[in-house]
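Here the structure comes first, spelled out in structure tokens, and everything after it is commentary.
Derivation of every value follows stated rules applied to the coordinates shown; laboratory data play no part. Keep in mind the model is a prediction, meaning the values are calculated, not measured. Because the Cβ atoms are built from the backbone with ideal geometry, glycine has one as well, and the counts that use them run over all protein chains shown.
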Amino acid sequence: MATTLPAPRTVGRRRNIEKYGWIYMRASGVVLVVLIFGHLFINLVAGQGVKQIDFAFIAGKYATPFWQVWDGLMLWLALIHGGNGMRTITNDYVSNPTANRLLKGAILVAVVLLILLGTLVITTFDPCPANAAPGTLPTFCSSIGR
Amino acid sequence: MTLTPLNTSALPGVTDAVMNPAIRHRPADGFTTITLIIRRFDPETDQEPRWVDYDVDTLPTDRILDALHKIKWEQDGSLTFRRSCAHGVCGSDAMRINGRNRLACKTLVKDLDPTKPIYIEAIKGLPLEKDLVVDMEPFFASFRAVQPFLQSHTAPPEGRERLQSAADRARFDDTTKCILCAACTSSCPVFWTDGQYFGPAAIVNAHRFIFDSRDEEAEVRLDILNDKEGVWRCRTTFNCSEACPRGIQITKAISEVKAATIRRPDRIKIAVA
């Protein structure tokens, strides 16, 4: 009886991103827990709580690079995390190849569009727009003459 | 000749219950009448499976398999199911009993609620052939695909076995218990909707060799399971661990294979086929 295989079968498999997708979901999940609860605390609990949220509050946040980075990270990580989750669900439940590709295409478009739009807002946001109604702008706008 | 109404009181041994179906059947001492509602399917006559109920007299310590035998032997010989050893070793009689995958030969009547009907159907996710019998071939194909046999490039010492320490043996002890009953794979919601998924049982059997110190082809199996339909399909719902009649910690085994796949350096492979 042969006890060894002189040439065991080898397999060649196409490389796939599933492993990296799986790692990304775990890593981004951990970071998102901190980012989202930090976001909720700052916006809804700290200071005057939910009453403080108005244009001036948001504008004040986006005037500081810290919150720009925080919200930017949250935007990218959460959208890719959610998009990948939706992709996974589609792969799980949609066996028709055409419908599968259509749905995943729609998810990709939605994710890319929202990321671009969100990034545009975060990076180009003007906290002191001209001709704004008086009293709606953050306090520091008066110091730059608007 | 004129027919006269039968006088039951004049017939010794004939009870009212026999003569009058309106009087409920009374089981013998110690026995309880349980109702099994079985999802039956005859491919020659049925378009769709149908639920059929049977009343069986059972002892509390009877197994569901005994009840199925009683039906097959005493009520309806066409009832079809698999069983071989009938003692929880061969893995033939996995079925869905009250919505949970179990072995009929390891499920006692007293462990279910005998006052309520017991629903029995074939395991899900594999092609239904007849009554409780499914086509196991896709399941075994996944099993074969993970190369579930010892592979070594070196010969063992002449006339000797390959030695292994007790600790090395314990590393994969849990996954040696698999009896290939498919209770895990057919309880997996991912497998229900995606038959291409290798499934828990194949991963358990790959685990058994990946973590065997005598085996030298762990890399090949990790490559196979790093597939799009491999370990990353697992959603850790723990259905498999709950379904396993051998108590294998299946979800843990799958996680260990995932971890082993992540820890090794990634090798870029080009498809051959």
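Descriptive notes on the structure:
- Cα gyration tensor, region B:68-181 - rounded (a/c under 1.5), prolate or oblate: prolate
- With R₀ fixed at 35 Å, the C-beta to C-beta distance from residue B:163 to residue B:255 puts the FRET efficiency at about 0.75.
- Virtual spin-label span in nm between residue A:36 and residue B:78, 7 Å along Cα→Cβ: 5.4
- Rounded tilt (10° steps) of A:97-124 against the dominant C-alpha axis of chain A: 30
- Region B:167-273 - Rg over Rh from alpha carbon coordinates, Kirkwood radius: 0.96
- Taking label positions 7 Å along the Cα-Cβ direction at both residue B:98 and residue B:85, the computed distance is 2.6 nm, reported to one decimal.
- Unit charges on C-beta of K, R, D, E only; dipole of chain B, Debye: 760
- Take each residue in B:225-236, count the other chain C-beta atoms within 10 Å of its C-beta, and the mean is 4.
- Across every direction, the projection of the convex hull enclosing the Cα atoms of region B:49-92 has a mean area of 3.8 nm².
- CD proxy at 222 nm, helix term only [per DSSP H run n ≥ 4: -39500 (n - 2.57); per residue of chain A; nearest 500]: -21000 deg cm²/dmol
- Relative to the 2.2 N^0.38 Å rule of thumb, chain B has a C-alpha radius of gyration ratio of 1.33.
- Fluctuation leader among A:119, A:64, A:88 - chain A, Gaussian network, Cα springs under 10 angstrom: A:64
- DSSP bridge analysis restricted to chain B gives an antiparallel fraction near 85%, rounded to the nearest 5.
- Taking the Cα centre of chain A as reference, the dipole from Cβ charges on Lys and Arg (+1) and Asp and Glu (-1) amounts to some 700 debye.
- In units of the rule-of-thumb radius 2.2 N^0.38 Å, the protein assembly as shown shows an alpha carbon radius of gyration of 1.45.
- Using the alpha carbons alone, the radius of gyration of region B:208-266 stands to its Kirkwood radius in an Rg to Rh ratio of 0.98.
- Size descriptor, Kirkwood hydrodynamic radius, that averages inverse alpha-carbon separations across region A:20-128, Å: 15.7
- Residues of region B:188-218 with amide N under 12 Å of a point placed 7 Å along Cα→Cβ from residue B:171: B:208-218
- Farthest toward positive dipole pole in the protein assembly as shown [+1 Lys/Arg, -1 Asp/Glu at C-beta], among A:67, A:41, B:218: A:67
- Unmatched cysteines, the protein assembly as shown - criterion: no other Cβ of a Cys under 4.7 angstrom: B:105, B:178, B:181, B:188, B:234, B:244
- Entry note, chain A: relative contact order of 29 percent, from Cα contacts under 8 Å with a spacing of 6+ residues.
- Mean Cβ neighbour count within 10 Å, used as a protection proxy, ranking B:138-151, B:165-178 highest first: B:138-151, B:165-178
- Between residue B:47 and residue A:139, the FRET efficiency estimated from the beta carbon spacing at R0 = 60 angstrom works out to 0.20.
- Restricting the calculation to Cα atoms, region B:29-134 yields a radius of gyration followed by a Dmax of 13.0, 41 Å.
- In a simple Cβ point-charge model (Lys, Arg +1; Asp, Glu -1; nothing else charged), the protein assembly as shown has a dipole of about 1260 debye relative to its Cα centre.
- For chain B: relative contact order, % (alpha-carbon pairs under 8 angstrom, 6 or more apart): 15
- Which of B:95, A:74 has the fewest Cβ neighbours within 10 Å, and the rest in rising order: A:74, B:95
- Every Cα-Cα pair in region A:55-107 was counted, and those over 19 Å apart are 48% of them.
- Taking each DSSP H run with n ≥ 4 as -39500 (n - 2.57) and averaging over every residue of chain B yields -6500 deg cm²/dmol at 222 nm.
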